[in-house]
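Here the structure comes first, spelled out in structure tokens, and everything after it is commentary.
Coordinate-derived values only; no laboratory data. Note that the coordinates shown come from a computational prediction; the quantities given were computed from them, not determined experimentally. Virtual Cβ from ideal backbone geometry, glycine too; neighbours counted across all protein chains shown.
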Amino acid sequence: MTTRTHNYNITTQWTGNKGTGTSQYAAYERSHTIIAENRTAIYCTADPAFRGDKTKYNPELLLVASVSSCHMLWYLHLCAEAGIVVTAYVDNAAGTMVETADGGGHFTEITLAPVITLADITLAEKATALHKKANELCFIANSVNFPVYHKPVFNAATG
């Protein structure tokens, strides 16, 4: 099998200079914009715990979103291959990060909690098993050094 390489390029532009740059810790905003060619910009900041704007995305939220999104895409792919018809998928993902004494920190886990609607609810057991395979294939889950848990809930499609 040939190994294929994919490259991803973004620009992160700090937009939080309030006139004096980083002259003091409280003198600047943590606002920044993430830009990728031919895509809508994402307006970001730090987590509110670190002087960020609670109305914007922060790197921690984006990490949780990346794991959730990648897992969902692999999961839907595997369901399609297995003949399991998913008609809706909403993940209420949650990540836990701990701060260290030196001011740094790290994630300790992410839990994905998708609510999945199946056309045939009798396939729920088979659909549950596909989460393990999706996790094994997910590019982002394979790139993090903490566990990613799965707590799916299944509903039967109506109508």
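List of remarks:
- Loop-located trypsin sites (Lys or Arg not before Pro) in the range 28-112 (DSSP state other than H, G, I, E, B) with a sparse environment of at most 13 neighbouring Cβ atoms within 10 Å: 39, 54.
- Taking Lys and Arg as +1 and Asp and Glu as -1, the other residues whose beta-carbon sits under 14 Å from that of residue 146 total -2.
- By the helix-only formula, in which each DSSP H run with n ≥ 4 contributes -39500 (n - 2.57) and the sum is divided by residues, the chain has a 222 nm mean residue ellipticity of -8000 deg cm²/dmol.
- Counted by neighbouring Cβ atoms within 10 Å, the residues 1, 72 run from fewest to most as 1, 72.
- Ranking of 143, 69 by count of other Cβ atoms within 10 Å, fewest first: 143, 69
- DSSP-loop GluC sites (Glu not before Pro) across the range 29-105, with at most 10 other Cβ within 10 angstrom: 37
- Comparing mean-square fluctuations of 35, 121, 84 from a GNM of the chain with C-alpha springs under 10 Å, the top value falls on 35.
- Cα centroid separation - the range 1-38 against the range 57-82, whole Å: 22
- In the chain, the DSSP beta bridges split such that about 70 percent are antiparallel, to the nearest 5.
- Beta bridge orientation in the range 1-90: antiparallel %, DSSP, nearest 5: 90
- Sorted by Cβ density within 10 Å, fewest first, the residues 106, 150, 6, 131: 6, 106, 150, 131
- Among 64, 98, 86, residue whose mean-square fluctuation peaks in a GNM of the chain (springs only between Cα atoms under 10 Å): 98
- If you count Lys pairs in the chain whose Cα atoms are under 28 Å apart, skipping same-chain pairs closer than 8 places in sequence, the total is 7.
- Tail beyond 23 Å, pair distance distribution of the chain (Cα, percent): 52
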